1. Once ligands and nucleic acids are excluded and a 1.4 Å probe is used, how much of R201 is accessible, expressed in Å² to the nearest 10?
2. Once label points are set 7 Å from the Cα along Cα→Cβ at both E121 and D47, what is their separation, rounded to one decimal in nm?
3. Tell me which GluC sites (Glu not before Pro) from segment 103-163 have a DSSP coil assignment and no more than 14 other beta carbons within 10 Å of their own.
4. Given Cα pairs under 8 Å that are at least 6 residues apart, what percent is the relative contact order of the chain?
5. Quick one: which residues, 5 or more positions from V83 or on another chain, have an amide H under 5 Å from its amide H? H modelled 1.01 Å from N in the peptide plane, none for Pro or chain starts.
6. Any idea which of W104, L205, G12 is furthest toward the positive side of the dipole for the chain, if Lys and Arg beta-carbons carry +1 and Asp and Glu beta-carbons -1?
7. When the Karplus curve 6.51 cos²θ - 1.76 cosθ + 1.60 is applied with θ = phi - 60°, which whole-Hz ³J(HN,Hα) does each residue of segment 28-44 get, with x for Gly and Pro?
8. Just need the relative contact order of segment 1-57 here, percent rounded to a whole number, with Cα pairs under 8 Å and 6+ apart.
Amino acid sequence: MSTFVIIHGGGGTAAGWGLVSDALSNRGHDVVAMDLPCDDPSAGWPDYVESVVEAAGEKDALVLIAHSAGGFVAPLVCDRLPVRLIILVNAMIPVPGESFMEWWTNTGYEAQVNGPSDMLELYYHDVPHEAAVADMESEEGRENFPSEPWPLDAWPDVPTQFVLLRDDRLFPSEFMRRVVNERLGITPDEMGGGHMVMLSRPEELAAMLSDSSK
């Protein structure tokens, strides 16, 4: 069995991953989740790293699960924690010196992707309405993310896998396949589901994460 450390995306919360956490626990895994300091506009990368390190405690042989903007955070903790595997769930993949805002231009996202303007349609189109509204409300005031450049010289020397979401309207599959290939040089695993797959298909996602961690 594995110890999963779940790193949510920008503006998210640990509670948003509650269904997946429960499903992983039911499969016999240990699960750690935390709220990143997205409610603090002064928080920088070291603050984000500390929140993960403190939550993980003394646990060993960790599997980091990073969703969306959490892809900026997961690699940063690898020199502080005993990480055996990173699994990115339709996550952003930064390169050295790139800021969160520069990612959108550097990847070609702004020139190629035109998703719905309605937030529910963009993020939550396959999530039950009540769950979508509740999650959106939980993210109010948590829209901050560090603006400084990503500080690593390279992606860490840790095995990395990518779960691509075929129905994601924020990060469409064709766009993400290209980014994963260009920046990690790997072929992603794929499943159905939109950007908030942890709410729309928690059992299916948990099963994929469990299988991928073996």
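The values are calculated or read from the model by the stated rules, or taken from the named source; none is laboratory data. It should be emphasised that the depicted structure is a prediction, and the values quoted were computed from it without experimental measurement. Cβ coordinates were reconstructed from backbone atoms using ideal geometry, including for glycine residues, and neighbour counts include every protein chain displayed. Areas reflect the complete protein model, heavy atoms only, side chains present, ligands, DNA and RNA absent. Shrake-Rupley method; radii C 1.70, N 1.55, O 1.52, S 1.80 Å.
1. Taking all protein chains as shown, R201 has close to 80 Å².
2. 3.5 nm
3. E140, E143
4. 26 percent.
5. L62
6. The Cα lying farthest towards the positive end belongs to L205.
7. Couplings: x, 8, 7, 9, 10, 9, 8, 8, 5, x, 5, 8, 10, x, 8, 5, x Hz.
8. Relative contact order here is 38 percent.
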